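Undergrad: Pasting a structure here, questions to come.
Derivation of every value follows stated rules applied to the coordinates shown; laboratory data play no part. In this text the structure is predicted, and so the values were computed from the model without any measurement. Using ideal geometry, Cβ is built from the backbone for each residue, glycine included, and neighbour counts are taken over all protein chains shown.
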Amino acid sequence: MTAPPRSAHPYAAEIDAERAGWYEVAALVRLLTPEECLVPGYQRDPDWTVRDVVAHLGTWLAEAETQLARMSAGTYEGHEVDIDAMNAALLAAMQGEPWLVTWTQANAGRTRMLDEWSTVRGPSHETAWWIRKAGGPHYHQHLGRLDAWVRELVGRR
């Protein structure tokens, strides 16, 4: 399916916000060494590392791609999900992965989600829900703490 012209896309503003948010995430994690990305402290109880927050974002991007594809195919069943259970399952699936695998997976999830998102023809409540859960608004839920944690890790050098 051919994507609509960018200026005519029903989610053009959200696509721009997603890009800006992702670039902020990327700029922060690029300040760290791979070893620093594995230091716990981004979040406590449970302890999260930068790898964990990137895995969290990346797995939600991959899930959003799947759900947007189901919408396009007419097989979507709605977003009635237990977010806490899904967060736990997605994080467990990435547990122990090396930083490079996690970063690559997150970028791949984002690329595939954006590809699927680009084919959306019109606005819908369900599409908007997945965009909020996986796009710019989701990044912004994590950026403040990520920024503080990255600055703390850099300051320890």
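Undergrad: Could you pull out every whole DSSP H run in the chain that spans at least 27 Å of Cα extent along its own axis and averages -0.5 or higher on the Kyte-Doolittle scale?
TA: Both cut-offs are met by 50-73.
Undergrad: Also, I was wondering about something else. With each pseudo-label sitting 7 Å past Cα toward Cβ, what's the ARG70-ASP147 distance in nm, one decimal?
TA: Taking the two extended label points, one gets 3.5 nm.
Undergrad: Let me ask something else. Ignoring solvent entirely, what values of log10 I(q)/I(0) come out of the Debye formula for the chain at 0.10, 0.12, 0.18 Å⁻¹ when each Cα is a single scatterer?
TA: Normalising to I(0) and taking log10 leaves -0.37, -0.52, -1.08.
Undergrad: Relative contact order for the chain: what is it in percent, counting Cα pairs under 8 Å that are at least 6 residues apart?
TA: RCO, the chain: 42 percent.
Undergrad: Where does each of ILE15, ILE83, ILE131 land when they are ranked from fewest to most other beta-carbon atoms within 10 angstrom? Mind showing how you got there, number by number?
TA: Values: ILE15 19, ILE83 10, ILE131 23.
Ascending number of Cβ neighbours within 10 Å: ILE83, ILE15, ILE131.
Undergrad: Related question: At 222 nm, what helix-only mean residue ellipticity would the chain give, in deg cm²/dmol to the nearest 500, using -39500 (n - 2.57) for each DSSP H run of four or more?
TA: When only DSSP H runs of four or more count, the value is -22000 deg cm²/dmol.
Undergrad: When the Cα centres of region 10-29 and region 97-157 are compared, how far apart do they sit, in Å?
TA: Rounded to whole Å, the Cα centres lie 8 Å apart.
Undergrad: Counting only the backbone N, which residues of region 18-39 are under 16 Å from the spot 7 Å out from the Cα of ARG132 toward its beta-carbon?
TA: 18
Undergrad: Then there is this: For a quick check, take a GNM of the chain with Cα springs below 10 Å and name the residue from HIS79, HIS125, HIS140 with the largest mean-square fluctuation.
TA: Checking each option, the largest mean-square fluctuation is seen for HIS125.
Undergrad: Which of the trypsin sites (Lys or Arg not before Pro) across region 41-86 are loop residues per DSSP, with 15 or fewer other Cβ within 10 Å?
TA: Working: sites: ARG44, ARG51, ARG70; in loops: ARG44.
Answer in residue order: ARG44.
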